[in-house]
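Worksheet for the structure shown next.
The values are calculated or read from the model by the stated rules, or taken from the named source; none is laboratory data. The structure displayed is predicted, hence computed values, not measured ones. Virtual Cβ from ideal backbone geometry, glycine too; neighbours counted across all protein chains shown.
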Amino acid sequence: MAFSDLDLAKRLEAAEGYACVQFAEARARVFPESGSEWIAIGDAVAVFDGIDAPTTQSFGLGIFEPLTAGTLERVEQFFFDRNTATMHEMCPLAGVAALELLCERGYRPIEVSNVMYRGVERPATGHPANVHVRVVRPDEAQLWGKISARGWTHEHAELQEFVEQMGVISVARKDSPCFLAEIDGKPGAAGAMCIHEGVALFAGAATVPELRRRGLQAALLQARMKHAFELGCDLAMMVAEAGSNSQRNAEREGFRVAYTRIKWKLAQ
């Protein structure tokens, strides 16, 4: 059993940082004009994946080594040079001194999320017989992106094009299989995962509105857990908005909160 401590936080933060890096590298391959790139700051990372992209931020600052003003200046310059906002996902185990430094430099909190984890086990098959989950092929990137976009943007149509593009990039990422759940042969839900040093990060799960509450999300989670087990992973993680339905669904599947994380943005 893994305990919620600094060692666990390092594994979880490293896995999410790696997943974010893979977004930038995939975007750079698929859309070379994007200018997507990243830098390492010790074992932490800062990623530029496009102006205003949710993946443009840092991960792991203050976890692998003490956070200093010099380190922050280096990361800030990376984002300033690309004309984008400076944002950091900060694990509370970075310590009070690290958070005080952010406050002193003019950062403000803009998002709160719970990082959740559980051990990887071979799941029992429990989804309906007419539900099938599979890993998508590279030539199905647009299909996966469209299903994902419909699930995420049914109330925000203005984000459709952006999320579809993110879907294509998701399929192109390294160590990041994407899954499609079908009911009676009809695609209805999409989910992704990223594998890093024994940690399986479950992310990007969404169901189209007309096929919700049909068992697709549970089937997606089981399929990803089975895949992680077969790859030899020992730890699964998810990130959810604090107190959200996503958190409750994860807790029903055996996930528990490792820590509550804050995203900080430098005031401009």
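Worth a mention:
- Residue in the stretch 116-133 that is of a type in the set (S, T, N, Q) and closer than 21 Å to E13 by Cα present: no
- Single residue of A200, A240 found to be in the same structural domain as R137 (by TED's automatic domain parsing), out of contact with any Gly (no Cβ under 8 Å at 6 or more places or on another chain) and either in a loop (DSSP other than H, G, I, E, B) or touching a residue at least 40 places away in the same chain (Cβ under 8 Å) (or both): A200
Here is a yes/no grid of residues against (1) in a helix (DSSP H, G or I); (2) in contact (Cβ under 8 Å) with a residue 40 or more places away in the chain; (3) touching a Leu at 6+ places or on another chain (Cβ under 8 Å):
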{"site": "N83", "(1), (2), (3)": "no, no, no"}
{"site": "E89", "(1), (2), (3)": "no, yes, no"}
{"site": "A98", "(1), (2), (3)": "yes, no, yes"}
{"site": "L101", "(1), (2), (3)": "yes, no, yes"}
{"site": "E111", "(1), (2), (3)": "no, yes, no"}
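- Flag if D81 is under 17 Å from the mean Cα position of the chain (by Cα), of a type in the set (D, E, K, R) and not assigned by TED's automatic domain parsing to the domain that holds A172: no
- Check on M193, in contact with an Asp or Glu (Cβ under 8 Å, 6 or more places away or on another chain), on the phi < 0 side of the Ramachandran plot and either touching a residue at least 12 places away in the same chain (Cβ under 8 Å) or assigned to a strand (DSSP E or B) (or both): no
- The single residue among F31, F48, F23, F59 that is under 19 Å from the mean Cα position of the chain (by Cα), closer than 22 Å to A203 by Cβ and modelled with pLDDT under 95 turns out to be F23.
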